[in-house]
Amino acid sequence: MGFAITETQRTLIENVRRFVRTEIIPLEFELDPDESELSPSVLAGLVAKTKQMGLYNLDVPEELGGVGADTVTRTLLAMEMSQHRAGLYSPCYSAFGQPDMAQLYEATDEQKERYLFPILRGEKRSFFALTEPSGGSDPARAIQTRAKRDGSDWIINGNKTFISGADSADFGLVFARTGDQESGRDGITCFIVDADTPGFTVRRVIHTLRSGHYPTELVFEDVRVPAGAVLGEVGQGFAMANERLTKNRIPYAAGCLGVAMMAHRMAVEYAGIRSVFGSKLADHEGIQWMLVDNEIDLRAAAAITLDAAERADSGRPFRTEVAIAKIVATEAAGRVVDRAMQIHGGYGVSKDLPLERWYRELRIRRIGEGSTETQRMIISRDMLKGRYTSWIDR
C-alpha cells in the first residue's frame with residue numbers, strides 16, 4: 001500500500017482545487033443551502049471553462065472524446081470536486097461532465113448515437129433503475145420487474161424505487177428479469193427506456209435526508225420497447241450493473257472524503273479563532289484530540305481508497321479492496337463531519353455553514369451504492385473462499 005502522486009496529478013489537483021474555490025464556492029453564497037442545480041446559462045459558462053482546462057468528461061475514454069483519466073487520478077480529483085456545499089451529490093454541479101453511464105460504451109452504434117453521445121455532450125440526462133421495493137442489497141434475487149417477448153418487442157412490467165434523477169431524465173437503463181426466478185443473475189437483462197414511453201410513470205418523489213434532488217419510485221405498466229432497446233446481451237444485465245457498481249464505489253468513497261477534508265479544515269480554522277472560557281478552542285485538550293482523530297480518520301481512509309483505485313488500474317482483482325474503502329470512507333467521513341459540527345457549536349447545525357448538509361447526506365452514503373452490511377458480506381465471502389489476499393502479502 002502506498003504510492004507517490006505524480007507531477008501531472010499534482011497539477012490537475014491544483015487546477016481543480018482552484019476552480020472549486022474561485023468558481024463554485026462563490027456561486028453558492030447566492031443559492032439556497034439545499035440547492036443542487038445551477039441555471040443552464042451559469043452551468044454552460046462553467047462547462048466552457050472546464051473544456052478550456054481540458055478536463056471535461058474526465059471518466060470518458062479518449063476514443064470517445066473524453067480525458068480517459070485513470071482510476072487513481074479520478075479518485076484524487078473526486079476528493080477535490082466535492083469540497084463545496086453541494087459537492088457530495090452534485091460535485092461542481094456537473095461542470096466536469098454529466099454521469100456518462102459507462103454501460104453505454106458497449107452499446108450498438110445506433111444506441112451510441114441516440115443515447116451515449118448526447119449524454120457526453122450534456123444534451124440528455126439518464127437514470128439507472130436497478131433497486132426495487134423487494135430489496136436493493138441483493139438485486140440478482142430481488143428483481144421482480146419482468147420483461148416478456150411479444151413478437152420482436154419486449155413488454156416490461158414492474159416497479160423500481162430509490163432511483164435518482166428519473167423525474168428529470170430523458171431515458172434510463174432499466175434492469176428486468178427475462179429468465180425464470182431460479183436463473184438468478186443470469187436471467188436479468190438491461191433495457192434502454194425513453195422517459196416518454198407509454199406506460200412508464202414516475203409515481204412519486206421519495207423524500208429523504210438528502211438535499212436538492214430526491215430519489216423516485218417508478219412504475220412500468222405494459223411498457224413496450226423494441227428489440228433494439230436491449231443493451232448488451234439478453235440475460236447478461238446483472239454483470240453489467242455489478243461492474244458499474246463495484247468500480248463506481250471508488251470515486252463514491254473519495255467524494256465522502258472530500259467533504260470531510262473541507263469540514264476538518266473548517267474545524268481547525270474555527271478552533272484557532274473562537275474564544276471560550278478565556279482562551280482559544282484550540283488551546284483545550286478535548287478539542288485538540290478531536291482534531292487529531294479527524295486527521296487519523298482522513299489519512300487512513302484516503303490511503304485505503306487510493307489503494308483500491310491503484311489495484312483497479314493495475315488490472316488485479318479489487319472487489320474486496322473497494323468494499324473496504326466504501327465502508328471506511330463513508331464511516332470515517334461521517335465521524336469527521338460530526339466532530340467538526342461539535343467544534344462549531346450552534347453554527348455547526350445551522351444552514352449558515354455546509355456542515356449540517358454534509359452530515360445528513362453522509363448518513364445516506366452508508367446505504368447507497370451497496371450498504372455497509374453488504375460490503376462486509378462481500379469481504380467475508382472473499383476471505384473465506386480464498387479470494388482475499390492480505391495487503392501485507394501483496
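Of all residues in the range 143-176, those being farther than 15 Å from Leu130 by Cα, of a type outside the set (Asp, Glu) and not in a strand (DSSP E or B) number 4. For the range 287-299, a residue qualifies if it is touching a residue at least 24 places away in the same chain (Cβ under 8 Å) and open to solvent by 50 Å² or more (accessible area, probe 1.4 Å), and the qualifying residues are Asp293, Glu295. Please note which strands (runs of 3 or more DSSP E) are completely contained in the range 186-235 and include at least 3 residues that are among the β-branched types (Val, Ile, Thr) and under 30 Å from Arg363 (Cβ atoms). Here the list reads 200-205. Being free of Cβ contacts under 8 Å to residues at least 60 places away in the same chain, of a type outside the set (Lys, Arg), assigned to a helix (DSSP H, G or I) and closer than 27 Å to Leu245 by Cβ is not true of Ile364.
Rundown of residues vs (1) out of contact with any Leu (no Cβ under 9 Å at 6 or more places or on another chain); (2) in contact (Cβ under 8 Å) with a residue 60 or more places away in the chain; (3) buried (at least 22 other Cβ atoms within 10 Å of the Cβ), yes/no style:
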| residue | (1), (2), (3) |
| --- | --- |
| Ala169 | yes, no, no |
| Asp180 | yes, no, no |
| Gly187 | yes, no, no |
| Arg203 | no, no, no |
| Arg224 | yes, yes, no |
| Tyr252 | yes, yes, yes |
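Among all positions in the range 373-387, there is at least one residue which is open to solvent by less than 90 Å² (accessible area, probe 1.4 Å), in a loop (DSSP other than H, G, I, E, B), free of Cβ contacts under 8 Å to residues at least 12 places away in the same chain and among the small types (Gly, Ala, Ser).
Only one of the numbered conditions (1) open to solvent by 30 Å² or more (accessible area, probe 1.4 Å); (2) closer than 23 Å to Leu104 by Cα is not met by Asp150, and that is (2).
The helices (runs of 4 or more DSSP H) found wholly in the range 1-87 and carrying at least 3 residues that are over 21 Å from Ala254 (Cα atoms) and open to solvent by 70 Å² or more (accessible area, probe 1.4 Å) occupy 40-53.
For Asp313, state whether it is under 30 Å from Gly346 (Cα atoms), acidic (Asp, Glu), part of a helix (DSSP H, G or I) and in contact (Cβ under 8 Å) with a residue 24 or more places away in the chain. No: the conditions fail for Asp313.
The values are calculated or read from the model by the stated rules, or taken from the named source; none is laboratory data. This structure is a prediction, so every number in the text was calculated from the model and none was measured. Using ideal geometry, Cβ is built from the backbone for each residue, glycine included, and neighbour counts are taken over all protein chains shown. We work out accessible area using only protein heavy atoms, side chains counted, and drop any ligands, DNA or RNA first. Shrake-Rupley method; radii C 1.70, N 1.55, O 1.52, S 1.80 Å.
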